Amino acid sequence: MSPFTNVADLAAQDVLWKVRADPRRADVEMSNRAGVLPYFVPVGSALGREVVVDGAPRLMFGSNNYLGLADDERVLDAARVAIDRYGAGCTGSRLMNGTLELHLELEAELASWMRRDAALVFTAGYLANLATISTLCGPGDIVVGDARNHASIEDGVKLSGARSVTVRHNDLDQLEQKLRRLDGPTLVVWDSVFSMDGDAVDVDRLVEISRRAGARTLIDEAHSLGVLGPDGGGVSAAVDPTPDLVMGTFSKSLASCGGVIAGDRDVIEYLRFHARPLVFTASAVPAAVATTLAAVRIARTEPWRAQRARTTANALANGLSNAGYQVTGAAAAIVGVRVSDEWAATLAWRALMDAGIYVNVGVYPAVPRGNAILRLSTTAAHTDADIEQCVATFARVVRL
Ligand SMILES: Cc1ncc(COP(=O)(O)O)c(C=O)c1O
């Protein structure tokens, strides 16, 4: 190889060259050596209001366990019973041998909770978005979405081959203008609550604008299902007319893993047979499905959990804001603290972890460049004292 070969030439010859030339690699290695890498942190305990990291307890403000159900005995029992009855895994896709009675029971429960005709359960929330967008849209169609929509939505659009149109974050006036100018079958896709900043869109207005323009709607309720809406059934459950399709995940309020799309029965049946990310992947394991079902039933009958997750989020947001931090969100159970500089966010993360508080760090591409954020979330299990301790620890160790 000539010493003068440039990177572009090497990249043109070998798909693995990008691994060696990865600009993030040096950062990651250096951060790891310095003990300030905030990703892939191994947790050594069940997920409660406290978790064990490096052998020490930390108050958990970095999970999506909004309803505090991840270590609930009734949910754990449901998993044990499902393993005894159905075994460890399904060893096949929903289409072939991987649909248990349990999947159908869960689909019926979710459809009723989300107030839709029918629901379809996927192995991950990511797959639910990927499948729905890539199956219903294709070349010649248009997908319009918020600039900060979740990656699974962006990836679904890429896979579909549809034209992608991006709207400024939560700017429904711009959505209206863009829809007026577009010509072709259109799907509008939006997160109801944004995963990093924790702010929300006005779903009522979004659906109204979209319908007036003749566009269909898909609302991602990953962070609102369980926390917002009637009995926690999501924001869309209270919107009239409803969005055409509503997506939810089981990996947050529902303390499990998997995803759902709910909507009119004919659309759900179409997805059941045509969605490749459903048909060509193994179905969720029995324990995950049973856990989700138990969690939905508890969420519906114990509305205090959603209320408590929201109250603690508000208390945390107020406390941090009063302490002088630039706070975002609290529309559901997510609270963001703006840091801007990625290194400052990372150092704040380390200081908080050392002081017994677990939070997450959001950097590009999870947030736009220059918008690093400390992402916190509350659960129904947090006590008032936990919130006070979190705020006091911030004030003591985080200088921004
Ligand atoms: C808004 C949003 N949509 C979809 C997903 C994907 O869900 P899952 O992690 O359950 O696959 C997430 C998860 O982070 C999310 O935040």
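The values are calculated or read from the model by the stated rules, or taken from the named source; none is laboratory data. These numbers were taken from a predicted model, which means no experiment stands behind them. With ideal geometry, Cβ positions are generated from the backbone for all residues, glycine too; neighbour counts draw on all protein chains shown. Side chains are part of the model used for accessible areas, which takes the heavy atoms of the whole protein and leaves out ligands, DNA and RNA. Shrake-Rupley method; radii C 1.70, N 1.55, O 1.52, S 1.80 Å.
For the chain, the carbon plus sulfur part of the accessible surface works out to 53%, probe radius 1.4 Å. Which of rounded, prolate, oblate describes the chain, given a ≥ b ≥ c as roots of the alpha-carbon gyration tensor eigenvalues and a/c under 1.5 marking rounded, otherwise prolate only if a/b is larger than b/c? Rounded, since a/c falls under 1.5. Each DSSP beta bridge with both residues in the chain is either parallel or antiparallel, and the antiparallel ones are about 60%. Calculated FRET efficiency, residue 369 to residue 205, Cβ-Cβ distance, R0 = 35 Å: about 0.75 to the nearest 0.05. Each residue, residue 274 and residue 400, gets one label point 7 Å from its Cα in the Cβ direction; the gap between the two is 4.5 nm. A full extension of the chain between residue 163 and residue 45 corresponds to an added length of 38.0 nm, given 0.36 nm per residue minus the alpha carbon distance. If R0 is taken as 35 Å, the Cβ-Cβ distance between residue 26 and residue 314 corresponds to a FRET efficiency of 0.30. Straightening the chain between residue 323 and residue 108 buys 72.8 nm, computed as 0.36 nm per residue apart minus the Cα-Cα spacing. The magnitude of the dipole of the stretch 73-301, with charges of +1 and -1 set on the Cβ of Lys/Arg and Asp/Glu and taken from the Cα centre, is near 380 debye. What lysines could a cross-link reach from residue 178, if we take a straight Cα to Cα line under 27 Å and drop same-chain neighbours fewer than 8 places away? Correct list for residue 178: 158.
What size of dipole, in debye to the nearest 20, comes out for the chain about its Cα centre when the only charges are +1 on Lys and Arg C-beta atoms and -1 on Asp and Glu C-beta atoms? Don't skip to the end; give the middle numbers.
On the way: 39 positive and 46 negative charges, 107 e Å.
So the dipole magnitude of the chain works out to roughly 520 debye.
Computed from label points 7 Å out along Cα-Cβ, the spacing between residue 53 and residue 301 is 3.5 nm.
Can you tell me the accessible area per residue over the chain, all protein chains present, probe 1.4 angstrom, in square angstrom?
Numbers: 17880 Å² over 400 residues.
The answer is 45 Å² per residue.
For the chain, modelled as a GNM whose springs connect Cα atoms under 10 angstrom apart, the maximal fluctuation among 164, 224, 192 occurs at 164.
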